[in-house]
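The values are calculated or read from the model by the stated rules, or taken from the named source; none is laboratory data. Computed from a prediction, not measured in an experiment: that's the story for all the values here. All Cβ positions, even for glycine, are placed from backbone atoms using ideal geometry, and neighbour counts span all protein chains on display.
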Amino acid sequence: MSGSQWTRRDVARGLGFGVASAAAATWPGGARAAEAKSITVLNWQGYGTDLAAGVQHFKSATGIEVKHDYYNSEPEMLTKLRTNPGAYDVVLVNSARDAQAKADELIDPVDLGKLPNAAGLAPAFKTNPNIVIDGQTYGVPWVWGMNAIAVRTGKGFKVDSYAVFEEAAFAGRGALFDDAVTEIAVAALMLGQNINDPKDMKAIAARLKSFKRDVKLVWSSEDEWNKAFAAGAFDVSVFWSGAVTRAVNLHQQPVTFVVPKEGAVGWLDNFCIPATSTGKAAGLQFIDYMVSPQFYAEWAKSGAPASANAAAMAALPESDLNRQIHKPEYLDKLQFMGALPEDRRQAFNDLWEEVKAFYAQS
């Protein structure tokens, strides 16, 4: 998705690096069954799969060494798959890109029945249309999140709609994410349109422009958001669910996350098996470890996104903020970011630039 670069980079900066030895010791898939002695994973740097302790525990349990290569954008990820056949055995893909990767014959179908931990995956993720293409499953759901509203606590604010960005009470107290796909999705939700294929772009533009009075900041990174929020620059913002957990747990920010009546924008990251992989069985074994509740239990303590494995989320303490925010019932209120043709993505970007220029006018 547009804006994934910020999401993953900022998540990586906030994550810790401890995965308890018990995770590997109790992981039921840790049998030495795969043929490959090493695999290469393509992912964002610092995004879970390359935690040193986790990689070591997987090797101890299976005998398989895990190597990594990294990308800095989703187009770069696709280019690496195209231009390096046979180089990768596992790739982390935003599910909105699965259809493109499948169309380009870059990924293979996946049999979830071969992954013991896939049994715990929430049905809404296993059947997500981004992942199930032409009746076949092309990805293993891993982590997910929502884009909705962050609200400052301690001031008695009652927010239940994106219309908060049009309220006089919040003049100069709002903030938006500098991402065309996200902000157009917000307006589409308000208007009852499909976030991935809105039909009335003039109405989308008009709704976003109606936020002008309230918008104090258009932010571009989680770090920028945290610094500005801590300085009291704004009180309500479009923000990511996982980032709210990190803002509270890592920075002690007085903030809560609200899924408004219009719903939220969902995103889902999944693991795929490259079509040219020479270690597909070993790759699936690593994916099974990554989606296990045992691995996630420790990763979650350091600010990981929400697990797509319902069993992993249920195993968290009831007081865990990640569990409190990512409620299963919210899945019915999400529109997930899906595949965007390049011409539509460009139209989104053009409209967002128009809106930002409008905000900048005196």
Task: Selected residue [under 26 Å from A308 (Cβ atoms), in contact with a helix residue (DSSP H, G or I) (Cβ under 6 Å, 6 or more places away or on another chain) and not hydroxyl-bearing (S, T, Y)] from A96, A124 - done: A124
Open item on the list: under 25 Å from the mean Cα position of the chain (by Cα), at pLDDT below 95, farther than 19 Å from S362 by Cα and not hydroxyl-bearing (S, T, Y): is that true of E183 in this structure?
Closed with: no
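Please go through the stretch 250-277 and pick out each residue that is within 24 Å of F125 (Cβ to Cβ) and outside any strand (DSSP E or B).
The answer is V259, P260, K261, E262, G263, A275, S277.
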TODO: Tell me, please, whether a residue that is within 16 Å of Y330 (Cα to Cα), of a type in the set (G, A, S) and modelled with pLDDT of 95 or more can be found in the stretch 242-260.
DONE: no
Task: Matching option when the condition is basic (K, R), in the same structural domain as D69 (by TED's automatic domain parsing) and more than 24 Å from the chain's Cα centre (by Cα), among K280, K216, K209, K202 - done: K280
Open item on the list: Out of A185, A169, I need the residue that is surrounded by fewer than 23 Cβ atoms within 10 Å (Cβ to Cβ) and out of contact with any Cys (no Cβ under 8 Å at 6 or more places or on another chain). Which one?
Closed with: A169
TODO: Considering only the stretch 333-358, state which residues are under 30 Å from H251 (Cα atoms) and either surrounded by fewer than 17 Cβ atoms within 10 Å (Cβ to Cβ) or among the small types (G, A, S) (or both).
DONE: K356
Open item on the list: Among the residues in the stretch 295-305, are any buried (at least 23 other Cβ atoms within 10 Å of the Cβ), in contact with a strand residue (DSSP E or B) (Cβ under 8 Å, 6 or more places away or on another chain), at pLDDT 95 or above and not in a helix (DSSP H, G or I)?
Closed with: no
Task: G120 in the same structural domain as G46 (by TED's automatic domain parsing), small (G, A, S) and surrounded by fewer than 23 Cβ atoms within 10 Å (Cβ to Cβ) - done: yes
Task: Matching residues in the stretch 82-97 - criterion: being over 14 Å from the mean Cα position of the chain (by Cα) and not hydrophobic (A, V, I, L, M, F, W, C) - done: R82, T83, N84, P85, G86, Y88, D89
Open item on the list: Restricting to the stretch 132-166, name every residue that is among the β-branched types (V, I, T) and touching a Cys at 6+ places or on another chain (Cβ under 8 Å).
Closed with: V140
Open item on the list: Would you confirm whether or not the stretch 36-58 contains a residue that is closer than 18 Å to I273 by Cα and surrounded by fewer than 18 Cβ atoms within 10 Å (Cβ to Cβ)?
Closed with: yes
Open item on the list: Being farther than 14 Å from F348 by Cα and out of contact with any helix residue (DSSP H, G or I) (no Cβ under 7 Å at 6 or more places or on another chain): is that true of T153 here?
Closed with: yes
Open item on the list: Can you list residue pairs whose Cβ atoms sit under 6 Å apart, with the first residue in the stretch 282-299 being over 15 Å from R323 (Cβ atoms) and the second being buried (at least 24 other Cβ atoms within 10 Å of the Cβ) and acidic (D, E)? Count only pairs 6 or more apart in sequence or on different chains.
Closed with: G283/D89
Open item on the list: Given the criterion closer than 26 Å to D350 by Cβ, in contact with a strand residue (DSSP E or B) (Cβ under 8 Å, 6 or more places away or on another chain) and not aromatic (F, W, Y), identify the matching residue among N194, N117.
Closed with: N194
- [ ] Assess whether I287 counts as being over 19 Å from S220 (Cα atoms), part of a strand (DSSP E or B) and not assigned by TED's automatic domain parsing to the domain that holds F165.
- [x] no
Open item on the list: Need a quick list: helices (runs of 4 or more DSSP H) entirely within the stretch 58-167 having at least 1 residues that are without any contact (Cβ under 8 Å) to a residue 12 or more places away in the chain and of a type in the set (A, V, I, L, M, F, W, C).
Closed with: 98-103
